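> If you scroll down you'll find the structure; I have some questions about it.
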Amino acid sequence: MPQLEIVDLKANYGAHTVLESINLNVEKGEIVSLIGPSGSGKSTLLRVLMGLLPPIAGEVRIDGQKLDYDNREQLRAIRSQMAIVFQQYNLFQNMTVLENVTVAPIKVKGRPRKEVEDYAIRLLEKVGMGGKLRSYPDQLSGGQQQRVAIARALALQPGIVLLDEVTAALDPELVNEVLDTVRMLAADGMTMFIVSHEMGFVREVSSKVVFMDGGHVVEMGNAKQIFDAPTQARTREFVGKILRH
Ligand SMILES: Nc1ncnc2c1ncn2[C@@H]1O[C@H](COP(=O)(O)OP(=O)(O)O)[C@@H](O)[C@H]1O
Ligand SMILES: [Mg+2]
């Protein structure tokens, strides 16, 4: 059974259709990259998966269980299995690195402080931030802050991680340190959705690449298919444009 199934999914903002019959199966440990022009619906799809936007048709199943967007309790449970990291890392400025990573597991999940801290320290070491536990966000570079944000997401022990343009706001020389962190998660077998404009990276890590345009999935396949031998003219055009710069 796939870990995640998206079946004939359709979503609107008001009267405006932004996702049109999306079908996608994701196995555990898969890295799915969503690519496509701005406004094609990539972030909206992640919002629907997080339970933040109810679809108007179709369904999402997680481990075979249909997401019921009217059932708050179930939504909360689903949300706790998913972690999302955005372009804007939004760390709590008045908290240290360690506090940023431990606050939700302690306050929201009610887990024991010592256990949460030990785990958080291990995560922060893993993302190369073990030396900055007592630093505040404004003492860190953008790349370091984003790595803390990724550790914060992982501290909730999610089953699926959604990364929405996590390197888009970073200076070019800081992009790679964040991508290295994502590479490590991929190697650990974490199931991930990645939205990124770093096409070299997408090509390297993805088990599945989904090209979206205007709320539709135009084409999906493995990285080699999508980048080297796209079957759709629209995909060829997009990939050609993006690989040229
Ligand atoms: N909160 C919102 N309210 C209304 N329309 C929105 C909202 N967010 C996004 N949209 C519209 O939905 C479409 C898809 O947007 P989005 O999912 O953000 O695309 P992408 O992430 O691929 O750039 C766009 O036409 C966008 O203008
Ligand atoms: Mg987006």
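> Under the 0.36 nm per residue contour assumption, what length would be gained going from the current alpha-carbon distance of Gln81 and Val103 to full extension?
Numbers: separation 22, 0.36 × 22 = 7.92 nm, distance 1.70 nm.
Full-extension gain reported as 6.2 nm.
> Mind checking the alpha-carbon convex hull of the stretch 60-102 and giving the volume per residue in Å³?
So the per-residue Cα hull volume is 118 Å³.
> In a shell of Cβ-Cβ distance under 13 Å around Val116, excluding Val116 itself, what net charge do Lys and Arg (+1) and Asp and Glu (-1) give?
Numbers: positive: Lys107, Lys109, Arg111, Arg113, Lys114, Arg122, Arg152; negative: Glu99, Glu115, Glu117, Asp118.
Within the 13 Å Cβ shell, the charges total +3.
> Same structure again: How many percent of the accessible area of the chain is carbon or sulfur, using a 1.4 Å probe?
Using a 1.4 Å probe with all protein chains present, the chain comes out at 48 percent carbon and sulfur.
> Would you mind telling me the antiparallel percentage of the DSSP bridges in the chain, rounded to 5?
Counting DSSP beta bridges with both partners in the chain, the antiparallel share is about 55 percent.
> Still on this structure, I have one more. Skip the ligands, DNA and RNA, and give the accessible area per residue of the stretch 78-122 with a 1.4 Å probe, whole Å². Each step should come with its number before you reach the end.
Values: 2550 Å² over 45 residues.
Spelled out: the 1.4 Å probe surface of the stretch 78-122, per residue, equals 57 Å².
> Take the alpha carbon atoms of the stretch 1-66, find their center, do the same for the stretch 144-179, and report the distance between the two centers in whole angstrom.
21 Å
> Given Lys126/Lys224; Lys10/Lys208; Lys10/Lys66, which pairs have Cα atoms separated by over 25 Å?
The pairs that break the limit, which is 25 Å between Cα atoms, are Lys126/Lys224.
> With a 1.4 Å probe and every protein chain left in place, tell me how much accessible area Met190 has, in Å² to the nearest 10.
40 Å²
> Pull out a ≥ b ≥ c, the square roots of the eigenvalues of the alpha-carbon gyration tensor of the chain, then state rounded if a/c is under 1.5, prolate if not and a/b is larger than b/c, and oblate in the remaining case.
Judged from the Cα gyration tensor, the chain comes out oblate (a/c at least 1.5, b/c at or above a/b).
> Which distance in Å, rounded to a whole number, links the C-alpha centroids of the stretch 189-225 and the stretch 92-120?
If you average the Cα positions of each part, the centres end up 32 Å apart.
> Note the full-extension length gain between Glu237 and Leu52 as 0.36 nm times their separation in residues minus their Cα-Cα distance, in nm to one decimal.
So the chain would gain 63.4 nm between Glu237 and Leu52.
> May I ask you to derive the relative contact order of the stretch 88-191, considering only C-alpha pairs under 8 Å and at least 6 residues apart, and to give it as an integer percent?
Value for the stretch 88-191: 32 percent.
The values are calculated or read from the model by the stated rules, or taken from the named source; none is laboratory data. Here the structure is a predicted model, which means the values were calculated and not measured. Here Cβ is always computed from backbone atoms with ideal geometry, including for glycine, and neighbour counts include all displayed protein chains. Remember, those area values only see protein heavy atoms, side chains included, never the ligands or the DNA or RNA. Shrake-Rupley method; radii C 1.70, N 1.55, O 1.52, S 1.80 Å.
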